[in-house]
Every structure is written in structure tokens, then in C-alpha cells.
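To keep things clear, I will list the structure first and then write my remarks on it.
Bear in mind that the values in this text are calculations on the coordinates, not laboratory data. Keep in mind that this is a model prediction, so the values were computed, not measured. Quick reminder, even Gly has a Cβ in these numbers, built from the backbone with ideal geometry, and neighbours come from all protein chains shown.
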Amino acid sequence: MRTNNHLHVNRPVHLARRDVYYECAVELLNRPLHGMDLRERIRHVEHALALFKSAAHHARFAGRSPQAQAQEADFLRFMLLVTDQVGSLLAMTQQQTHFALEECFLGQFLRSQPDQLQLLPGHYQRRAEDIQEGICQLLQLAYQPYHDLYQANLQGLTEEEQVRYQQAYAGFRDDLLRLEAERLTRGQTSGSALRSW
């Protein structure tokens, strides 16, 4: 009984974190990666992945409340699916680094000449672009279902809980934007910044 009450009391905060992290991750993935160097692209995708993982984490807690709605479980499953896809995007982006060095270990291991390896970075970059395009299409399809769930969640909260949600949402979003600005300024990966929360 005490656990259920704890989950219910903290539900507005978990919903706020879920929504802020999800929305910021979607915003990040909708930004084009063109114009970024490889290191920036990797940090960008790592940040989106960390945000999706955090959103799913808080969705789990919010979903354990007795007041949770059935659609929340489907939204969590959707986020886990997207998280896997963003992981694939990160892997394809990171693969390009193996060919960035003049004398890469892969070329030595494969006993290949540099000109034989020149086509591979482009291959991984095209796969990454295809994966990102697919993720963006999926997220676009999810816009209305997410908006409907967001509205249903808010309506399921008491007036006091709605105030807590709004305050938490605004605070987390401000903190996340500040961390993002600091991360870009310092060149740090977002994963380390998020872990400090």
C-alpha cells in the first residue's frame, strides 16, 4: 500500500520528466546532421539516446501508479523501440570513426589498401541517414497519439497535481536546455551531464 501511494504521489513528476525528455529527444532527432562534423554527430545522437532512455525510465515509474492508463504501457513500448533504433543510428555513426584515421587498425587487420576502404565510411553514413529518416517518420506518426496521451494524463491529475506537473515540467525543461548549452560550450557528451541528475 505504501509503495502504491509513493508511486501515486510522485506520478506528476515522473510524467513531467517523461514528457520533457521525450520531447527534447524528438527535437534533437528532427535536426539535420548535415553540417556537423563526425564528432558532433556522435555527441548529438548520444544525447538523443540518453534522453530516450531517461524518458522510458520515468515512463516506467509513472506507469506503476494505480492511476496509470492503458495507453501508457504502449507508449513505453514505443519509446523502447525508438531507443533501439537510435542505438542503431549511433552504431552506424560511430562506425565511420574507424576509417577517419589515416592508419586505422581496421585497414591493417583487413590488409586493405586505403583506396579499398574509402567507400566504407560513405556506406555507414548513408545507413545512418536512412535510419534517422525512418526514426523521424515514426516520430511524426507518433505525434497525435502522444498528444492524446499527454492530454489524457493531465486530465487524470487533480488540480494540485496538474500544478506540480507544470512546475516540474518547466523546471526540468529549463535545466535540460541549460545543460545542453553547457554541453555544447564545453564539448562534453550529454550522457555524462544527464547522469549527474
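Quick look at the numbers
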read-out	value
Estimated distance in nm for a label pair at Tyr150 and Leu117, the labels positioned 7 Å out from Cα along Cα-to-Cβ	4.5 nm
Charge-dipole axis of region 32-151 as Lys and Arg at +1 and Asp and Glu at -1 on Cβ define it, positive-most pick from Phe105, Gln118, Gln71	Gln71
Sorted by Cβ neighbour density within 10 Å, fewest at the top, the residues Glu133, Glu23	Glu133, Glu23
Per-pair calculated FRET efficiency, R0 = 22 Å: Leu80 and Val9 via Cβ, rounded to 0.05	0.30
Relative packing of peptides 39-51, 168-180 - highest average C-beta neighbours within 10 Å first	39-51, 168-180
Unit Cα scatterers, Debye sum, region 1-84: log10 I(q)/I(0) for q = 0.14 Å⁻¹	-0.52
Long-range Cα-Cα pairs in region 2-195 (distance over 27 Å), rounded percent	38 percent
Cβ crowding within 10 Å averaged over residues, with 64-72, 11-19 ranked highest first	11-19, 64-72
FRET efficiency for Thr185 and Phe109, using Cβ-Cβ distance with R0 set to 30 Å, rounded to 0.05	0.20
Total formal charge among the other residues, if their Cβ is under 13 angstrom from that of Ala170, Lys/Arg +1 and Asp/Glu -1	0
Computed FRET value (nearest 0.05) for Glu129 with Gln167, which takes r as the C-beta separation and R₀ as 35 Å	0.35
Sequence-separation-based contact order of region 2-195, relative, with Cα cut under 8 Å and 6+ spacing, percent	31 percent
